[in-house]
Amino acid sequence: MLRIIPVASEVPMKRKKTCKIAFVVICSLFPAAICSDSQQPSASAVDRNPVIITSGRHHGQYYLAVEPNPHGEKDALHLLSMLCEEKGHDYPVLSLVDDTAKISDLYNPVGLAGKAQCNNVKTFTLHHETGYMYEIKLGKGVPISKKPVPDSELK
């Protein structure tokens, strides 16, 4: 069996190359280790909690509430407008509609958020018996018909 013995001039080259690679790896990991050692979440992560609109019916009466309410505002539209101005119009807004609501109540929080110029609204229905919530995707309104017109034909 033939055994290759490195020439004396090749050994220092391998060590230099290995040292350079190790140096690059250590330098790239060091800043990540410093940053990940922080116990405090970043300001953007804390501020990304969505605005929540809860709605439903209690003893037949419709209710709607907006959280957070840092200004103590009583008018939901004005509060949503202020929050969208502060946080941005694409800030996430969740509409949580209780299963006690009527089907026609699904549009109220979405319409309110639209008036406040909130562009990133997702609607969910809350089903308390199962403990789940289900996303509802609201499309364009179409005339009442037994043969609805496809979206491509709507103008």
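General remarks:
- For a label point 7 Å along the Cα-to-beta-carbon line of GLU85, residues of the range 100-140 with backbone N under 19 Å: 112-120
- LEU138-ALA65 FRET efficiency (beta carbon distance; Förster radius 25 Å; 0.05 resolution): 0.80
- DSSP beta bridge pairing in the range 48-136, given as percent antiparallel to the nearest 5: 50 percent
- Charge context of GLY56, other residues only, Cβ under 9 angstrom, K/R +1, D/E -1: -2
- Relative contact order computed over the range 48-136 (Cα-Cα under 8 Å; 6+ residues apart), in percent: 30 percent
- Burial order of peptide ranges 52-62, 122-132, 73-83, 106-116 (average beta-carbon count within 10 Å, highest first): 106-116, 73-83, 52-62, 122-132
- For the range 48-136, a crude dipole built from +1 on the beta carbon of Lys and Arg and -1 on the beta carbon of Asp and Glu, taken about the Cα centre, is about 80 debye to the nearest 20.
- Charge context of LYS122, other residues only, Cβ under 13 angstrom, K/R +1, D/E -1: -1
- Restricting the calculation to Cα atoms, the range 63-155 shows an Rg/Rh of 1.03 when the hydrodynamic-style radius is the Kirkwood one.
- Inter-probe distance in nm under a simple model that places probes 7 Å from Cα toward Cβ, at PHE124 and GLU73: 2.3 nm
Each reported figure results from applying straightforward, stated rules to the coordinates on display, with no laboratory input. What you are looking at is a predicted structure, and each value in this text was computed from that prediction instead of being measured. Note: ideal-geometry Cβ built from the backbone for every residue, glycine included; neighbour counts use all protein chains shown.
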